[in-house]
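Data first, discussion second: the structure below is written as structure tokens.
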Amino acid sequence: MNEAEWRLSVDRATCIGSGMCTSSAPEYFALDDSGVSRPLAERVAPDDALLDAANSCPVEAIRVQRIPDGAVLAPAR
Amino acid sequence: MTHRDTNSLLDIMRREWAGDTYGVYARLRAGGPIHWDPLLRSWIVLGHREIVDLSRDNRLSGARISEFYEQLPAASKSDMKPLAEALSDMMLFNEPPRHERLRGMMKPVLTPRFVRQMRPAIQGIATALLNRLADAGEMDVIADYARPLSRDVIALLAGVPADARHLLDDWRGLLHEFFTQSTAEHGRIESLRAVFQQGLAQRRAGADGDLLEQLMAARKAGAAFTDDEIIANLLLLIDAGQATTTHLIGNAVLALMAHPDQADLLRDQPELLPGAVHEFLRYDSSVQFTTRIALADLEYGGHRIRRGDSVTLVLGAGNRDPRHYSDPDSLLVTRRAGDHLSFGHGIHYCLGAALSLVEIEAAIGTLLARTRQWRLLDENPPWLDSINFRFLTALPISFSPAAGRATELQEVTRDG
Ligand code: HEM
Ligand code: SF4
């Protein structure tokens with residue numbers, strides 16, 4: 001993956017709080033008081049662990065976008 | 001059984017509580033959301049919050065095969081060796097870092113994206129079964145409908161060819177086999193091993209793009225999975241994915257029969273189905289608990305859990321926690337129930353969740369569309385004797401076919 005930054009978001013209405021992303025990538029996600037996942041930072045350096053988290057989320061609530069053009073990198077369609 | 005005045009999770013097996021799992025939980029809650037169960041010799045965790053917290057605690061481990069195996073007498077050890085080896089290679093009984101590696105092997109084929117591609121095939125299986133059943137006016141929801149459906153989906157997923165599908169019938173839980181030191185399933189496991197090995201060999205030669213093909217591709221790309229690891233985790237998919245889904249569908253039908261207004265609501269508004277599936281899982285899951293072993297002493301909720309203690313996370317009790325869900329004992333298909341605990345929580349969160357959601361949705365959606373006026377043919381359908389598995393051994397019902405063959409109705413099931 002290349003140098004640009006990525007934008008990380010979680011659709012809070014969709015997240016079912018499975019705790020998978022927060023366990024597999026705790027440096028990027030945390031569950032808040034209502035049991036929903038929240039990205040710890042919105043802009044992050046590229047990391048394959050994020051693509052993996054977004055592709056594995058059972059309800060596809062995580063979205064990883066490339067910053068300059070907003071292209072969705074994961075989940076894959 | 002001797003008289004006793006202690007409440008225990010084991011009460012589920014007592015005659016007077018038979019089938020009333022949730023009544024037992026309500027009684028146990030009086031002892032607090034987490035407490036030591038002296039008869040089970042385990043901590044039992046009943047609260048939603050507590051189950052979530054402890055599922056994320058890496059001092060509690062799901063790796064519980066070798067400890068049990070090591071303490072077996074030598075003779076049983078050699079008998080149980082093949083099963084112990086297969087179980088020890090399954091992601092479910094491993095912790096990081098090996099867990100991630102093993103889960104990574106199967107993950108690509110169980111993503112929501114991959115499951116979307118399987119959706120038409122799954123719907124096709126449900127439709128074909130009902131084409132055969134709908135005019136009869138009677139069926140055993142388990143044997144005639146839910147079981148063949150989940151079996152065929154798993155066979156499709158794991159690449160078990162039609163002439164070997166009988167190997168998936170009457171499947172007995174491998175963990176149960178292991179803990180009861182039974183060798184009854186050895187023959188079947190060996191036969192399946194041969195089927196998988198042959199499948200992998202064919203895929204080496206480059207056949208179609210299914211799970212086995214993807215596993216081989218991953219291996220070529222440098223992921224060093226052994227044949228044993230691949231086969232063990234294919235067995236896990238069968239073990240974890242078949243009976244669980246079958247009986248969840250059975251429990252959902254039973255729940256809808258006890259709440260006919262909710263069934264009518266779903267017939268009127270099939271778009272509510274995806275959410276309803278979560279509510280079915282919350283309301284009456286086929287798997288009631290999972291077990292962990294403490295790797296270190298830990299303090300939690302005013303309790304001291306010691307290294308080596310067993311901790312039973314009672315998912316089915318968390319699903320009815322009155323502190324978390326209002327009116328927890330009612331099935332409400334419009335409820336936001338996505339945070340139920342039936343798929344577990346944290347790193348072991350059910351890898352088949354996306355797949356089974358689609359299976360359950362197709363099964364219930366098609367049944368609702370094609371049949372109505374469900375009636376129990378057995379007022380008290382029989383439950384399996386188990387404190388963990390809420391499995392109806394049969395669910396015979398009568399019904400009337402829905403007017404017209406209503407094939408178009410099935411298209412209503414949402415497209416992901
Ligand atoms: C309604 C149906 C199902 C229920 C209630 C269910 C329940 C569960 C639960 C509670 C766990 C976590 C166990 C633990 O934390 O110790 C789990 C894990 C797992 N399930 Fe399911 N399951 C279902 C369907 C499926 C299906 C269809 C598949 C496969 C196709 C599957 C494959 C797995 C696997 C591989 C794991 C282990 C994941 C890991 O250890 O990382 N399950 N399931
Ligand atoms: S994996 Fe998805 S559903 Fe699970 S907590 Fe993360 S965002 Fe929510």
Candidate set: the range B:272-289, residues that are within 14 Å of another protein chain (Cβ to nearest Cβ) and open to solvent by 10 Å² or more (accessible area, probe 1.4 Å); chosen: the one nearest to ligand 2 (Cβ to nearest atom): B:HIS278
Sole exception among (1) away from ligand 1 (no atom under 16 Å from the Cβ); (2) within 11 Å of chain B (Cβ to nearest Cβ); (3) out of contact with any helix residue (DSSP H, G or I) (no Cβ under 6 Å at 6 or more places or on another chain); (4) open to solvent by less than 40 Å² (accessible area, probe 1.4 Å) for A:SER34, by number: (4)
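Determine, yes or no, whether A:ASP69 is in contact with a strand residue (DSSP E or B) (Cβ under 6 Å, 6 or more places away or on another chain), more than 11 Å from every other protein chain (Cβ to nearest Cβ) and free of Cβ contacts under 8 Å to residues at least 24 places away in the same chain. Walk me through it before giving the result.
Values: in contact with a strand residue (DSSP E or B) (Cβ under 6 Å, 6 or more places away or on another chain): no; more than 11 Å from every other protein chain (Cβ to nearest Cβ): yes; free of Cβ contacts under 8 Å to residues at least 24 places away in the same chain: yes.
Taking the combined requirement at face value, the residue does not satisfy it.
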Failed item in (1) touching a strand residue (DSSP E or B) at 6+ places or on another chain (Cβ under 8 Å); (2) open to solvent by 10 Å² or more (accessible area, probe 1.4 Å); (3) more than 16 Å from ligand 2 (Cβ to nearest atom), with B:GLY302 passing the rest: (1)
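Identify, from the list B:ALA221, B:ALA184, the residue that is open to solvent by 50 Å² or more (accessible area, probe 1.4 Å) and within 25 Å of the chain's Cα centre (by Cα). Let's see the steps before the verdict.
Numbers: B:ALA221 fails: within 25 Å of the chain's Cα centre (by Cα).
Matching residue, one of B:ALA221, B:ALA184: B:ALA184.
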Complete set of residues in the range B:24-57 that are within 14 Å of chain A (Cβ to nearest Cβ) and within 21 Å of the chain's Cα centre (by Cα): B:GLY47, B:HIS48, B:ILE51, B:VAL52, B:LEU54, B:SER55, B:ARG56
Qualifying residue in the range B:321-336 (condition: open to solvent by less than 40 Å² (accessible area, probe 1.4 Å), in contact (Cβ under 8 Å) with a residue 40 or more places away in the chain and either within 13 Å of ligand 1 (Cβ to nearest atom) or within 16 Å of the chain's Cα centre (by Cα) (or both)): no
B:GLY308 more than 9 Å from chain A (Cβ to nearest Cβ), of a type outside the set (A, V, I, L, M, F, W, C), open to solvent by 40 Å² or more (accessible area, probe 1.4 Å) and without any contact (Cβ under 8 Å) to a residue 24 or more places away in the chain: yes
Check on B:ASP239, open to solvent by 10 Å² or more (accessible area, probe 1.4 Å), within 23 Å of B:ALA363 (Cβ to Cβ) and not basic (Lys, Arg): yes
All positions within the range A:38-63 that are in a strand (DSSP E or B) and either more than 14 Å from chain B (Cβ to nearest Cβ) or charged (D, E, K, R) (or both): A:ARG38, A:PRO39, A:ARG43, A:VAL44, A:ARG63
Residue check for B:LEU295: touching a Lys or Arg at 6+ places or on another chain (Cβ under 8 Å), open to solvent by 10 Å² or more (accessible area, probe 1.4 Å) and more than 16 Å from ligand 2 (Cβ to nearest atom): yes
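The values are calculated or read from the model by the stated rules, or taken from the named source; none is laboratory data. Since we're looking at a predicted model, the values are computed, not measured. Because the Cβ atoms are built from the backbone with ideal geometry, glycine has one as well, and the counts that use them run over all protein chains shown. Each accessible area value is taken on the protein alone, full model and side chains, heavy atoms only, with ligands, DNA and RNA left out. Shrake-Rupley method; radii C 1.70, N 1.55, O 1.52, S 1.80 Å.
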